[in-house]
Ligand code: PLP
């Protein structure tokens, strides 16, 4: 069959497929505990749902401008001022069908065939694939656990070639939960300026932070702001993953290019979801505070307990809702005579033997780790870690 070589090179999202397997097992009646989720286990706050219901009843069910409703762009501009002290005009904002779609637009706008994008690993699985969808070449920089899973400016600089166009930043990070400090970001920004690179700053977890403070690299200076494209959205902050609203803030030229493409590719994001997003951004924020407090409790419990279990360890994450568990000491051990060679096999055996679903780090280019999401109840977390303990105690 004649197919696009570019599209054939794209692999399916491993996090989504693990989650799908977990959901199927659950449907089949198995007592499975899932830690693969990339979404808050909280419901979308009622006032946001009510805004959407009202929008439908009021007949707000038609097309909007392709890059988003003026009211939503205004709410996004106000959000940037309120949360990040960043001034943007509405013509710098493009609203898309989720932050993932925003990233597709971003790389589409800034890359030509063969352009390179530096992506710090462990990374969110979609970055390299989205770069490839847009004819770019992902270039991995490996951040070690010893350096809190953060890349150093020197590591970035080593990878820069004449084809490098952009650096991806994701702070707080999926999958590591790490948060870059202002000082660290200043050094990275300096390199980006020196080599005329764009900075694609994915700040989707900015409010899910338990230690330190979120700082956007665009806050450093007007010069840095001009080369930075911020990607954000309502999915994680407001438990709105299914509503599909993300947005970017960039210089107006990039925004215009993305908006032109979007006007042909998807037209506007769902009108009702846009109205819900306005309410999310402008409405009461109490439920966000309660969600963050609950995530903080779970993070403490999970990290402390993992570090008490023999053979595995983790660094306590500062943000997002993931923990990377180091399983280096487990590789090579056996369960019922079968050797665990890799994180993939670890995750598979833990799921088959103890019905616990975690995500192997292989997809994040972190082969000695598995990722646990704590976007699940404390009861599940306790049960999952009990089962992990039992699983590890049975290894030879
Ligand atoms: N960026 C990161 C780092 C993520 O973890 C995710 C979702 O898992 C996204 C972007 C995509 O979010 P959205 O649901 O808005 O497409």
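Read-outs: derived from the displayed coordinates by stated rules, not from any lab. As the structure is a computational prediction, the values presented were derived from the model and not from experiment. All Cβ positions, glycine included, derive from the backbone under ideal geometry; neighbour counts span all protein chains shown.
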Review point. Any idea how far the Cα center of the stretch 156-224 sits from the one of the stretch 323-359, in Å?
Key: 33 Å
Check your understanding: Counting DSSP beta bridges with both partners in the stretch 60-282, what percentage is antiparallel, nearest 5?
Key -> 30 percent
Review point. Taking the alpha-carbon set of the stretch 1-69, what are its Rg and Dmax in Å?
Key: 19.4, 50
Check your understanding: the stretch 60-282: percent of C-alpha pairs farther apart than 26 Å?
Key -> 30 percent
Practice item. Treat the count of other C-beta atoms within 10 Å as a stand-in for reagent exposure and order 318, 207, 264 from fewest to most. Key: 264, 207, 318
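Grab the beta carbon distance between residue 396 and residue 182, set R0 = 56 Å, and tell me the FRET efficiency rounded to 0.05. Walk me through the numbers before you get to the answer.
On the way: r = 48 Å, r/R0 = 0.86.
Efficiency, from the Cβ-Cβ distance: 0.70.
Please find the FRET efficiency linking residue 61 to residue 285, where r is the Cβ-Cβ separation and R0 is fixed at 30 Å, and quote it to the nearest 0.05.
So the FRET efficiency works out to roughly 0.60.
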Exercise for review: Mind pulling the angle between the C-alpha long axis of helix 343-354 and the longest principal axis of the chain? Nearest 10 degrees, somewhere in 0 to 90.
Suggested key: 60 degrees
Exercise for review: Note down the nm distance, to one decimal, between modelled labels 7 Å out along Cα→Cβ at residue 329 and at residue 379.
Suggested key: 3.3 nm
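Arrange 291, 378 by Cβ neighbour counts within 10 Å, fewest through most, would you? Numbers along the way, then the final one.
On the way: 291 22, 378 13.
Going from least to most buried by this count: 378, 291.
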**Study point:** Two-decimal log10 I(q)/I(0) for the chain, as the Debye equation yields it once each C-alpha is a single scatterer, q = 0.06, 0.11, 0.13 Å⁻¹
**Key:** -0.23, -0.81, -1.13
Check your understanding: How much length is gained on full extension from residue 23 to residue 387, taking 0.36 nm per residue of separation minus their Cα-Cα distance?
Key -> 129.2 nm
Check your understanding: Taking only Cα atoms, what is the 0 to 90° angle, nearest 10, from helix 252-265's long axis to the longest principal axis of the chain?
Key -> 80 degrees
Exercise for review: Just rank 77, 314, fewest to most, by other beta-carbon atoms within 10 angstrom.
Suggested key: 77, 314
**Study point:** Gain upon complete extension [residue 140, residue 159; 0.36 nm per residue less C-alpha separation]
**Key:** 6.0 nm
Revision key, fill the gap. Scoring the chain by relative contact order with C-alpha pairs under 8 Å, at least six apart, yields a percentage of 23 percent
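Considering only the stretch 141-243, what is the antiparallel percent among its DSSP beta bridges, to the nearest 5? The partial results should precede the final answer.
Values: 0 of 9 bridges.
Approximately 0 percent, going by the DSSP bridge assignments.
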Check your understanding: To the nearest 10 degrees, how steep is helix 14-27 against the longest Cα principal axis of the chain, on a 0 to 90 scale?
Key -> 60 degrees
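Evaluate the relative contact order of the stretch 136-294 (contact order divided by residue number), counting alpha-carbon pairs under 8 angstrom at least 6 apart; express in whole percent.
16 percent
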Check your understanding: Among the DSSP beta bridges whose two residues both lie in the chain, what percent are antiparallel, rounded to the nearest 5?
Key -> 50 percent
